[in-house]
Amino acid sequence: MDVLIVDDAESVASRGFAFTRRCLDQKSDAVLGLATGGTPLALYALLVAAYDRGELTFDKVRSFNLDEYLGLSPDHPQSYSAYMQRELFGRIDIQSRNAQLPVCEDPEDVDEVCFDYEKQIIGAGGIDLQILGLGENGHIGFNEPASSLASRTRLKTLARGTLEANARFFHAGETQPVTAITMGIQTILDAREIVLMASGANKAAAVAGMIEGPVSAFCPASALQLHPSVTAIVDQDAASQLKLKGFYEWIALQNDRLGRSV
Ligand code: GLP
C-alpha cells in the first residue's frame, strides 16, 4: 500500500483529485467507484471546478457508488442518491443513466438489486478507480466490522457508532435508516486501483489498523492490504497513530525526487 501523508484535509482532497484526473485523462470512458460522507465533498468540489474550467468531461464516464440506505427514495434529501446529485452529478456532464447507486425502495427487492448491481459493474468492464472514505471503526462502504472479506453487494445493518457519526446529516425528526445496501469487500477489491482518503484524529486508530494491523474482518479496511494498487491519502492527524510514519514519508520523498508521484 502506498501511504501519502499530507498536511490537512484540503491537501487530502487535492491529492485525491490528482489521482482521479489522471484516471480520466488516461481513459475518457473510465468507470469510477464513488463514496459519500464528509470526506469526498472537497474532492467533488475540485472535480466540479475542473469541469467548469473545461478541463474535464464526464460525458463517457460511468460510476457506481459504494452504498445507499435501504428504504430512502432517491429524492429523499438524505439519500446518497440525492447527495451525489447535489454534490457532483447535477453539476457535471455525466449522463444520468451512467451514474448508478444500489437503490432499493422495497425490501422485497434487496437480493435482486444486489445481484443486479454486481452484474452491472461487471457489464461496465469493472471499476477502474475506486474512491473510498474510512469509518472510525475501520469500515469501507458500509462493510462494518466482521464483514466477510469475500463479501459482495448485500444488505448490512449499520453499527451504532456509524449511525451516530452519520446522524449529523439528518435533521431532527427525520428517520435515519439502520440498514443499507453496500458493495462488498471483495467487490471493492476487484477495482483496478483504489484511493482511500482520511483526515482527522478521529480516523487515526482506523488508519493504523488499515495500514499496520493484521488483515482482519475486525478492521474491514485492512483487507486493502491484499490489493496490489492502493494509495491511502491521510492528513497528519489521521496518520498520528502510524508506527512507521517516518518510513512512509521517506518513501514519498523518494517518489517525489524520482518524479513518480501523482
Ligand atoms: C459512511 C459511508 C462511508 C464513508 C464513511 C466515513 O458511513 N458509508 O462510505 O467513507 O462513513 O464518512 P466521513 O467521510 O463522513 O467521515
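Can you tell me how many residues in region 50-73 are modelled with pLDDT of 95 or more, part of a loop (DSSP other than H, G, I, E, B) and away from the ligand (no atom under 16 Å from the Cβ)? Looking only at that region, the number is 9. Against the numbered list (1) buried (at least 17 other Cβ atoms within 10 Å of the Cβ); (2) within 14 Å of the ligand (Cβ to nearest atom), Ala223 comes up short only at (2).
Cβ-Cβ distances below 6 Å connect the following pairs, each with a first residue in region 76-96 that is farther than 16 Å from Ala42 by Cβ, a second residue that is acidic (Asp, Glu), and a separation of six or more residues or different chains: Tyr80/Glu68; Asp93/Asp59. Within region 189-197, not a single residue is farther than 25 Å from Leu34 by Cβ and of a type outside the set (D, E, K, R). If we scan region 243-253, do we find a residue that is part of a loop (DSSP other than H, G, I, E, B) and either polar (S, T, N, Q) or closer than 28 Å to Ser81 by Cβ (or both)? Checked against the condition, which is being part of a loop (DSSP other than H, G, I, E, B) and either polar (S, T, N, Q) or closer than 28 Å to Ser81 by Cβ (or both), region 243-253 yields no hits at all. If you check Gln130 against the conditions, is it of a type in the set (S, T, N, Q), at negative phi and open to solvent by 10 Å² or more (accessible area, probe 1.4 Å)? It is false that Gln130 is of a type in the set (S, T, N, Q), at negative phi and open to solvent by 10 Å² or more (accessible area, probe 1.4 Å). The set of residues in region 14-35 being touching a Pro at 6+ places or on another chain (Cβ under 8 Å) and either open to solvent by 10 Å² or more (accessible area, probe 1.4 Å) or more than 17 Å from Asp93 (Cβ to Cβ) (or both) consists of Gly16 alone. Cβ-Cβ distances below 7 Å connect the following pairs, each with a first residue in region 195-221 that is closer than 27 Å to Val31 by Cα, a second residue that is surrounded by 18 or more Cβ atoms within 10 Å (Cβ to Cβ) and among the aromatic types (Phe, Trp, Tyr), and a separation of six or more residues or different chains: Val195/Phe19. Taking only region 170-199 into account, find how many residues are within 14 Å of the ligand (Cβ to nearest atom) and surrounded by fewer than 20 Cβ atoms within 10 Å (Cβ to Cβ). The number of residues fulfilling the criteria is 5.
Of all the criteria given as (1) in contact with a Leu (Cβ under 7 Å, 6 or more places away or on another chain); (2) surrounded by 13 or more Cβ atoms within 10 Å (Cβ to Cβ), the one not satisfied by Pro102 is (1). Scanning region 104-150 for residues that are assigned to a loop (DSSP other than H, G, I, E, B), more than 15 Å from the ligand (Cβ to nearest atom), within 25 Å of Asn166 (Cβ to Cβ) and touching a residue at least 12 places away in the same chain (Cβ under 8 Å) turns up Cys104, Glu105, Ala146, Ser148, Leu149.
Within region 151-169, the set of residues being surrounded by fewer than 17 Cβ atoms within 10 Å (Cβ to Cβ), farther than 21 Å from Glu87 by Cβ and not charged (D, E, K, R) comprises Thr157, Gly161, Leu163. Each residue in region 77-93 was checked for being at pLDDT 95 or above, surrounded by fewer than 21 Cβ atoms within 10 Å (Cβ to Cβ) and more than 14 Å from the ligand (Cβ to nearest atom), and 7 pass.
The values are calculated or read from the model by the stated rules, or taken from the named source; none is laboratory data. Please read these numbers as outputs of a predicted model, since none were measured by experiment. Every residue, glycine among them, receives a Cβ derived from its backbone with ideal geometry; neighbour counts consider all protein chains shown. Heads up: the accessible areas ignore ligands, DNA and RNA and are worked out on the full protein's heavy atoms, side chains in. Shrake-Rupley method; radii C 1.70, N 1.55, O 1.52, S 1.80 Å.
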